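Worksheet: the structure to be examined is printed underneath.
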Amino acid sequence: MSAPDALSVDNVSISFGGVKAVDHVSLSAEQGAVTAIIGPNGAGKTTLFNILSGLYQPTAGTVRLFGEDVTGMRPDRLAALGLSRTFQNLQVFFQMSAAENVMVGNHLRESHNPWRHLLPLPSMIARERAAKAAALTELKHVGLADVADEAADSLPYGSLKRLEIARALAAGPRVLLLDEPAAGCNRVETESLSELIRRLAQEGLTVVLVEHDMAMVMSLSDRVLVLDRGSVIADGPPKAVRDDPAVRAAYLGADA
Amino acid sequence: MRALRSPFLAPLVLALAAVAVYALADSNFVLRVASLVFIFGLAAIGLNILVGDAGQVSLGHAGFLGIGAYAVAVLPPQTGLHPLLAGIVGVGVAGVLALAVGRPVLRLKGHALAVATLGLGILIFMALTNEAWLTGGPDGMRVERLTLFGERIRGATNWYVITAVALVIGALIAASLKASPTGRALRALHDSEIAALTAGVDVARYKTIAFVISAVYAASAGVLLALFEGFVTPDVAGFLTSIELVTMVVLGGMGSIVGAVVGAAIITALPQVLTVFQEYEHMMLGLVMMAAMIGLRRGIVPSLLLLLTLPGRRGRDKR
């Protein structure tokens with residue numbers, strides 16, 4: 001093991017009013033691997049994502065991104081280091097068009113100096129045009145190119161889930177956290193989503209996803225982590241996890 | 001609606017409107033009222049960046065108007081500074097104050113933010129009222145006439161041109177910001193701070209940027225107001241003026257540059273028109289405002305544009 005893991009979580013815990021929502025969770029994701037986190041509702045999956053993306057401060061433990069300690073770092077700083085995410089409960093910019101949503105994802109690659117935005121100089125207009133073209137490419141990847149100029153609040157739920165993925169990808173992340181990406185998608189959409197994730201992983205993107213669609217998890221993941229009441233009850237390749245008696249008892253049910 | 005995103009459209013519309021008003025104006029009185037509309041329109045355009053784009057309320061922006069106005073009233077007689085330089089100093093002071101106050105205050109949200117900015121406005125108003133040795137106290141003070149190239153600037157036409165040019169420049173800068181990554185970041189944090197943060201937008205910094213820009217606009221308007229009126233009183237920084245500024249933004253249309261000026265026109269000029277109702281004047285103004293908000297709830301300009309461009313969508317209009 002020469003290169004550090006893309007994402008490594010060591011004994012992370014967080015409590016809310018005495019309740020341990022995440023309790024000594026560890027996980028490591030190699031670069032280019034797809035890691036799935038599964039578990040019953042309330043197991044702490046989204047809470048863990050909120051810690052990883054900097055929205056929550058863990059009460060204990062460390063989070064490392066490519067070996068660098070990023071525990072408790074602000075979300076925008078983490079994004080600059082290459083960590084992007086989507087949300088289970090949509091966090092879409094509803095007043096913007098689909099393309100503009102994705103262009104916000106491109107924020108980190110744009111000038112952050114508002115002095116340069118005070119006059120509509122040709123250079124700024126040209127950069128905006130290029131940003132729009134880049135956004136269209138990202139939208140094409142998730143099959144939303146034809147609604148680029150539609151207002152986000154007119155798009156159906158499944159499209160908005162994919163719009164969030166396009167926005168996250170526009171930042172050019174090295175690690176992508178997807179919170180229930182297939183929720184609200186039909187079979188065909190789920191399949192094309194799996195295809196997209198597989199391709200991104202092959203290109204070297206590290207993907208961690210929370211997902212309830214077991215078929216998708218089993219076919220897509222290199223590694224599955226099972227959470228129950230805040231703790232890891234299983235961690236390994238999909239097949240081994242599926243056959244784990246503790247997992248079957250806690251989550252999948254005897255006939256899964 | 002796509003054509004409306006062009007950063008040149010709003011300043012162009014305002015420039016044409018200014019030319020049209022000039023052509024139609026039949027008296028100096030009309031030009032003077034229009035100049036006031038342009039001055040308050042400038043302040044409203046700036047406040048709209050904070051309120052309409054970034055979604056952060058301020059009930060104290062008249063304070064910044066007051067800083068600009070009193071800079072040109074106080075500094076020239078005290079220090080011998082040219083009024084224009086005094087104005088630049090005033091705008092700079094307002095910007096630095098907004099920068100210093102912005103970060104802690106804009107951590108607040110909703111009602112808490114409203115009260116905190118209200119407090120800021122009251123502080124400035126009290127300072128201007130109480131430091132009577134410098135500001136003339138509640139009675140206000142005279143402002144030296146502006147001289148440029150040895151000529152005193154006077155006359156309704158000159159001031160009309162100056163304020164119209166200032167308004168159009170203000171609109172051009174605001175429209176450019178709106179069409180830039182900065183404007184997009186502001187609208188993003190308005191919709192979802194969490195999503196903006198995780199997309200890499202430094203939310204606290206961008207809120208402060210919007211606050212500073214809007215303060216600079218307000219102070220610039222204050223400079224023009226003091227030079228135009230030739231007299232200032234602390235009321236320019238008062239609570240009522242702050243409320244009027246927010247009303248201009250909301251009435252004209254949140255996020256709309258032309259809307260901010262339409263709002264300023266209604267609040268500034270409509271009372272002059274409504275004098276025909278004599279003692280019912282303020283009642284009529286209140287009724288017009290209520291009717292406009294109930295009928296055109298996105299604000300006058302955005303609602304009318306929506307009606308014109310998307311007649312079938314009106315029933316689905318959620319906000």
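The values are calculated or read from the model by the stated rules, or taken from the named source; none is laboratory data. Quick caveat: nothing in here was measured; it's all calculated off a predicted structure. Cβ coordinates were reconstructed from backbone atoms using ideal geometry, including for glycine residues, and neighbour counts include every protein chain displayed. Please note that ligands, DNA and RNA were not included when accessible areas were found on the heavy atoms of the full protein model with its side chains. Shrake-Rupley method; radii C 1.70, N 1.55, O 1.52, S 1.80 Å.
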| request: Consider B:G87 carefully, then state whether it is open to solvent by less than 10 Å² (accessible area, probe 1.4 Å) and at pLDDT 95 or above. | output: yes
| task | Any chance you could count how many residues in the stretch B:44-59 are under 10 Å from B:V246 (Cβ atoms) and in a loop (DSSP other than H, G, I, E, B)? | result | 3
| query | Out of the residues in the stretch B:172-183 that are without any contact (Cβ under 8 Å) to a residue 40 or more places away in the chain and out of contact with any helix residue (DSSP H, G or I) (no Cβ under 6 Å at 6 or more places or on another chain), which is least open to solvent (accessible area, probe 1.4 Å)? | reply | B:P181
| message | Six or more apart or on different chains, Cβ atoms under 6 Å: show the pairs whose first residue is in the stretch A:227-244 and under 21 Å from A:T47 (Cα atoms) and whose second is basic (K, R) and not in a strand (DSSP E or B). | response | A:L227/A:K45
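I need the full set of residues from the stretch A:28-46 which are free of Cβ contacts under 8 Å to residues at least 60 places away in the same chain and either open to solvent by less than 40 Å² (accessible area, probe 1.4 Å) or under 24 Å from B:A204 (Cβ atoms) (or both), in order please. Working first, answer last.
Narrowing the stretch A:28-46 to residues free of Cβ contacts under 8 Å to residues at least 60 places away in the same chain: A:28, A:41.
If the condition is that a residue be free of Cβ contacts under 8 Å to residues at least 60 places away in the same chain and either open to solvent by less than 40 Å² (accessible area, probe 1.4 Å) or under 24 Å from B:A204 (Cβ atoms) (or both), then A:S28 is the only one that fits.
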| Taking the stretch A:138-153, which residues are open to solvent by 40 Å² or more (accessible area, probe 1.4 Å) and either more than 23 Å from A:L200 (Cβ to Cβ) or within 13 Å of chain B (Cβ to nearest Cβ) (or both)? | A:D149, A:E150, A:D153
| message | Among the residues of the stretch A:12-27, are any assigned to a loop (DSSP other than H, G, I, E, B) and open to solvent by less than 20 Å² (accessible area, probe 1.4 Å)? | response | no
| field | Identity of the residue in the stretch A:105-126, open to solvent by less than 50 Å² (accessible area, probe 1.4 Å) and among the polar types (S, T, N, Q), that ends up modelled with the lowest pLDDT | value | A:S111
| query | Hey, does the stretch B:151-171 have a residue that's part of a helix (DSSP H, G or I), open to solvent by less than 20 Å² (accessible area, probe 1.4 Å) and within 13 Å of chain A (Cβ to nearest Cβ)? | reply | yes
| request: Within the stretch B:233-253, track down each residue that is open to solvent by less than 10 Å² (accessible area, probe 1.4 Å) and farther than 22 Å from B:M289 by Cβ. | output: B:P234, B:A237
| remark: Checked A:A152, A:A201 against criteria (in contact with a helix residue (DSSP H, G or I) (Cβ under 9 Å, 6 or more places away or on another chain), among the small types (G, A, S) and farther than 30 Å from A:F66 by Cα); the one match is A:A152
| Qualifying residue in the stretch B:293-316 (condition: among the aliphatic types (A, V, I, L, M), closer than 25 Å to B:L189 by Cβ, open to solvent by less than 40 Å² (accessible area, probe 1.4 Å) and in a helix (DSSP H, G or I)) | yes
| Within the stretch A:95-133, can you find the residues that are among the aliphatic types (A, V, I, L, M), at the interface with chain B (Cβ under 9 Å from one of its Cβ atoms) and within 21 Å of A:P75 (Cβ to Cβ)? | A:M96, A:M103, A:V104, A:L108
| said: Being of a type in the set (D, E, K, R), more than 7 Å from every other protein chain (Cβ to nearest Cβ) and under 26 Å from A:F87 (Cβ atoms) is the filter here; which residues of the stretch B:178-227 pass it? | reply: B:E193, B:R205, B:K207
| Residues satisfying the stated conditions in the stretch A:169-193, i.e. under 28 Å from A:S26 (Cβ atoms), touching an Asp or Glu at 6+ places or on another chain (Cβ under 9 Å) and not aliphatic (A, V, I, L, M) | A:D179, A:E180, A:P181
| field | Residues that are surrounded by fewer than 18 Cβ atoms within 10 Å (Cβ to Cβ) and facing another protein chain (nearest Cβ under 8 Å), drawn from the stretch A:56-94 | value | A:R74, A:A80, A:F94
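Can you pull out every residue in the stretch A:156-170 that is open to solvent by less than 20 Å² (accessible area, probe 1.4 Å) and not charged (D, E, K, R)? It would help to see each step written out before you state the result.
Initial filter on the stretch A:156-170 (open to solvent by less than 20 Å² (accessible area, probe 1.4 Å)): A:158-161, A:163-170.
A:G158, A:S159, A:L160, A:L163, A:I165, A:A166, A:A168, A:L169, A:A170 - these are the residues of the stretch A:156-170 that are open to solvent by less than 20 Å² (accessible area, probe 1.4 Å) and not charged (D, E, K, R).
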